[in-house]
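Beneath this line is the structure, given in structure tokens, with notes to follow.
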Amino acid sequence: MPACEPSPVQTGDVLLSIENLHAHVEGNEILRGVSLRIRAGEIHALMGRNGSGKSTLSKVIAGHPAYTVTAGAIHYRGQDLLALSPEDRARAGVFLGFQYPVEIPGVSNLEFLRVSCNARRQHRGQEELDTFAFEDHVRDTMAIVQMNPAFLERSVNEGFSGGEKKRNEILQMALLEPLVAILDETDSGLDIDALRIVANGVKTLTLPTTATLLITHYQRLLDAITPDFVHVMAEGRILRTGDKDLAMALEQRGYDWIDGADTPQP
Amino acid sequence: MSNATQSQSWLDTLLQVLAQRSGQPAGQRAAQWAGARDWCWPTPRNEAWRFTDLRCLTQLDPARLHTRTAAPPWPHGLSQGSSRHVALQLDGHGHWRAPQGETPFWPHGLMPLPTEETTPGQVARTVISSETLPLGAQLNGVTPGPPLALQVSGADPVHLALAIQMEQAQAWLAPRVLLVLQPGARLCLSWHVAATAQAAVLPMVEARLGTGAQLEEAAIAWGCPGATFLGSSFVHQSPRSVYRRTNVTWGWGLSRDEPFIRQAQGQAETHLHGLAVARGRSLLDTHSTVFFDGPAGQLRQCHQALADGRGHSVFNGRVVVPRVAQQTDASQLSRNLLLSTRARIDTKPQLEIVADDVQCTHGATVSCLQDDELFYLQSRGIGREQASRLLQRGFCEDVLQRLPWAALAWSSLQRLLEIPVPDQP
């Protein structure tokens, strides 16, 4: 992919368009016709039972090689996202915040952050940051998630608590400045204070020219970050779409009342 | 002619050449060297040599062997002597000289031993008393040359940096180092051995650690595909002594590293950490042996290997715990990263435990790069090739971080850190 950024994003531009997406892993079809359109300035929440396909969708968007797309399409700013490697998707501005951030022993968190930040900067035609400039930059950015600078010196996510891992994910999001951020259960495993810090970090990073897809089980994250749309997934499809009231209804009534529903997509 | 016959013929010629240089008949010279009486050229039929192909060594021409060395590219600041530090490099006559060529100035706490106290093999024989010396030590023993024999005393640590640089084909170097650490003495020893030509280096280290003495050894050894490294070390530990050895090896056509450690009365600490990076057609073999001859000894050993291309890593970790060595606490781990379908890892723990009140653990892992780790890095915009390099370096880091500055400062190691290293350094 060429190291250049297309024209600037305007609020309301379609950033991500998913059409009738089917995907399987190890012969099991997980996604069975997902369609979703996300515009700049929007926050979407994706909910659903365990195993409904939420995380699979996020990994397919990010390009995880274990998943095979058998039908459908994903377009990112009009470009065929499925044709890009995972790294090119990230460089272009698609970010996945992992539900379970991977521990990588021996790889310095600081170096990892610098290399990834520079990969994105290079794509955007920005000058790469040397080690000194990056260290200043990352220390300033860490304030967004109130992260201890000592974590820069450690290996990537190694020995981090669940909350620290999630903060590290949001720190990466802040450094990469994505246009589309998909946060897979970023609220899981967080205590009340950590949830507030992470949620505030996400809100700070949400701009009129960016979009966020929050995958979550709980209303508590949506109390902190108000979504424009709430989607409910089941058996590999989006069954229902509504606004924040849908999430509150789910919190009160559970998923049973929605099973079998078949509502039009936005 | 069979390989075995060819090898024997090569050995006979080599012994004749080395004997002529020493001025003694080959048989007499070999016989003087304890353990060399029964020359037995290793073949794949020997369990300990199953995977070790010696052709890289026997491709050298005995008639053309020489001892010429080159000036090592000392890192800035390391070649300067001080009151606690001395740097030495091997010259073309087998003598250890200061980098500027002068006779070394010995820092306080380091003193050359009189020649009459430096019988070759004197420590080795106490470490492996009933066994035949390894091939590298035998060949070292029949190669003429003066030993570097030093006595270390005092609780303040002394730093000794040794460097060998081989840049001419057919170089044959067999340095011998004898270290006698007085009770409570502390020595930080660093090695840098490099070969950029078809050559062979056969270093042999003997160290006797007195009660409470500490020896910290860091060794970097890198070569080119035609070069051979046959290293052997013999460490005799008294109670409460501590021996830490960290070594990093890559690039050699053949490397066989054989450390032998004996905790003579137990109650000592041994820490062995090794990293072998085998690429191209490199064969890197480590055979270690730790004997516990008394109670409450401790061993912490981790050998890591990375094999790519047609690289081959061999590890055999022998730990001997007889009945007298009750309450021994030993752990051994072999971690391996296999990066290509043609690369090969052979790893074998060999724990010989008779004592019944001990804690001895061992483990071995062989894996490739983890898809989830690669994907995580890629999902942050890092290309697959760079992600692979980061993960490989991360794998090596556990050993590398144990190296002292005196070892880390060498530019060769910096090149290794930019994994993958070129086949031709």
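The values are calculated or read from the model by the stated rules, or taken from the named source; none is laboratory data. Bear in mind the structure is a predicted one, so any value in this text is a computation, not a measurement. FYI the Cβ positions are ideal-geometry reconstructions off the backbone, even for glycines, and counts take in every protein chain you see. Areas reflect the complete protein model, heavy atoms only, side chains present, ligands, DNA and RNA absent. Shrake-Rupley method; radii C 1.70, N 1.55, O 1.52, S 1.80 Å.
Summary of computed values
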item: Test: residue in segment A:128-151 that is in contact with a Pro (Cβ under 8 Å, 6 or more places away or on another chain) and free of Cβ contacts under 8 Å to residues at least 60 places away in the same chain; result: yes
item: Residue in segment B:106-127 that is open to solvent by 50 Å² or more (accessible area, probe 1.4 Å) and under 20 Å from B:E167 (Cα atoms) present; result: no
item: Considering residues of segment A:209-230 that are touching a Leu at 6+ places or on another chain (Cβ under 7 Å) and more than 16 Å from A:A181 (Cβ to Cβ) only, the residue modelled with the highest pLDDT; result: A:V230
item: Options A:F95, A:F134, A:F112; residue that is part of a helix (DSSP H, G or I), among the aromatic types (F, W, Y), within 10 Å of another protein chain (Cβ to nearest Cβ) and open to solvent by less than 10 Å² (accessible area, probe 1.4 Å); result: A:F112
item: Positions within segment B:215-258 being among the charged types (D, E, K, R) and assigned to a strand (DSSP E or B), in sequence order; result: B:E216, B:E217, B:R244, B:R245, B:R256, B:D257, B:E258
item: Matching residues, segment A:69-81, being outside any strand (DSSP E or B) and either open to solvent by 50 Å² or more (accessible area, probe 1.4 Å) or at the interface with another protein chain (Cβ under 10 Å from one of its Cβ atoms) (or both); result: A:R77, A:G78
item: The listed residue being aliphatic (A, V, I, L, M), surrounded by fewer than 19 Cβ atoms within 10 Å (Cβ to Cβ) and over 30 Å from A:S7 (Cβ atoms), out of A:V156, A:V102; result: A:V102
item: Residue match in segment A:34-46 (condition: over 25 Å from A:L129 (Cα atoms) and within 14 Å of chain B (Cβ to nearest Cβ)); result: no
item: Selected residue (only one of B:Q359, B:Q386, B:Q401 is open to solvent by 10 Å² or more (accessible area, probe 1.4 Å) and within 21 Å of the chain's Cα centre (by Cα)); result: B:Q401
item: Some residue of segment A:164-182 being among the acidic types (D, E) and free of Cβ contacts under 8 Å to residues at least 12 places away in the same chain; result: no
item: Pair list, Cβ under 6 Å, 6 or more apart: segment B:124-135 residue under 18 Å from B:A207 (Cα atoms), other residue open to solvent by 10 Å² or more (accessible area, probe 1.4 Å); result: B:R125/B:A34; B:T126/B:H236; B:V127/B:H236; B:V127/B:F260; B:V127/B:R262; B:I128/B:F260; B:L133/B:G35; B:P134/B:E258
item: Where B:P73 falls short, out of the listed (1) more than 23 Å from B:Q151 (Cβ to Cβ); (2) buried (at least 19 other Cβ atoms within 10 Å of the Cβ); result: (2)
item: Residues of segment A:48-68 satisfying the condition of being in contact with a helix residue (DSSP H, G or I) (Cβ under 6 Å, 6 or more places away or on another chain) and part of a strand (DSSP E or B); result: A:G48, A:Y67
item: Wholly enclosed strands (runs of 3 or more DSSP E) of segment B:293-402 bearing at least 1 residues within 11 Å of chain A (Cβ to nearest Cβ) and modelled with pLDDT of 95 or more; result: B:298-307, B:329-338
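Residues are listed down the side, and each one gets a yes or a no for (1) open to solvent by less than 20 Å² (accessible area, probe 1.4 Å); (2) more than 24 Å from the chain's Cα centre (by Cα):
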{"position": "B:A305", "(1), (2)": "yes, no"}
{"position": "B:T328", "(1), (2)": "yes, yes"}
{"position": "B:T341", "(1), (2)": "no, yes"}
{"position": "B:I345", "(1), (2)": "no, no"}
{"position": "B:E352", "(1), (2)": "no, no"}
{"position": "B:A364", "(1), (2)": "no, no"}
